[in-house]
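Below: the structure, in structure tokens.
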Amino acid sequence: MESGAYGASLAGGAFDLVNFVQQPQTITRFLSWIFAIVVFATITGEGYINSAKEQEASCMFNKNDSACSYGVTIGVLAFIACMVFFALDAYQPQISNAKERKYIVTGDLAFSGAWTFLWFVCFCLLAHQWALTDDRSGVAADAAQAVVAFSFFSIASWASLTFFAYRRFSQGVDAFEQEYRDPAPLDNAYPPTYPPYPNSGPEGYQQSPFSSTQEQPGEYQPPAY
């Protein structure tokens, strides 16, 4: 059933802002958006320090610039993706085509699953590099710990988004199976018997006017003069 497939039970209806804001998926996506901002903004603003021995600024995570670049990249892409999926979530109830809704849910499922893994890698990388940082003079320790903590929070939030997307995908598949399932047989006999095809013609049978049993005309009688 297209109207109920892939998490859009009111497809074609008007946008309900209150219902949209109260959905667990919307709340979780908003938290993921906030977490991404904290990670990349903190690294960009306080993640690079200037050492007295070096002219160029280096990453506060064990002077590993790759760690900072990875955190910023993952955070920025997560920030953009949350904005895109916010718009798609708001627009999806107005989409009546189930195939288009399936593409949206599948993309959400794939991206959320991938970013759950990438946030896990980010958390492990930053936590490990921070543990290896010996010289923490001039380093904002609170900022580094906040980046590590919100990277961990992002794992949980994106895992929840993956679960929500998978649930919508499963509901869509079940809806299609119920819609396009073969008609049930009338009994358990083999081979199964199915209900007869309804006859849309008029009741009763009418003989064709061109039937071979039509009476033949009598013999030809010449006219009398």
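List the lysines whose Cα lies under 26 Å from the Cα of Lys63, skipping any in the same chain that are fewer than 8 positions away.
Answer for Lys63, where 26 Å is the Cα cut-off: Lys53, listed by chain and number.
Spelling out what I want: for every residue of the range 28-45, take phi, set θ = phi - 60°, compute 6.51 cos²θ - 1.76 cosθ + 1.60 (Karplus), and round to whole Hz; glycine and proline get x.
Rounded to whole hertz, the list is 5, 5, 5, 5, 4, 5, 5, 4, 5, 4, 4, 5, 6, 6, 5, 5, 5, x.
Just flag the trypsin sites (Lys or Arg not before Pro) in the range 21-99 sitting in loop per DSSP whose Cβ has no more than 11 other Cβ atoms within 10 Å.
Qualifying residues, ordered by number: Lys53.
Roughly how much of Leu125 is accessible, in Å² to the nearest 10, using a 1.4 Å probe?
Estimated to the nearest 10 Å², Leu125 gives 50 Å².
The values are calculated or read from the model by the stated rules, or taken from the named source; none is laboratory data. Since the structure is predicted, the reported quantities are computational estimates derived from the model, not experimental observations. With ideal geometry, Cβ positions are generated from the backbone for all residues, glycine too; neighbour counts draw on all protein chains shown. Quick note on the areas: whole protein, heavy atoms, side chains included, nothing else; ligands and nucleic acids left out. Shrake-Rupley method; radii C 1.70, N 1.55, O 1.52, S 1.80 Å.
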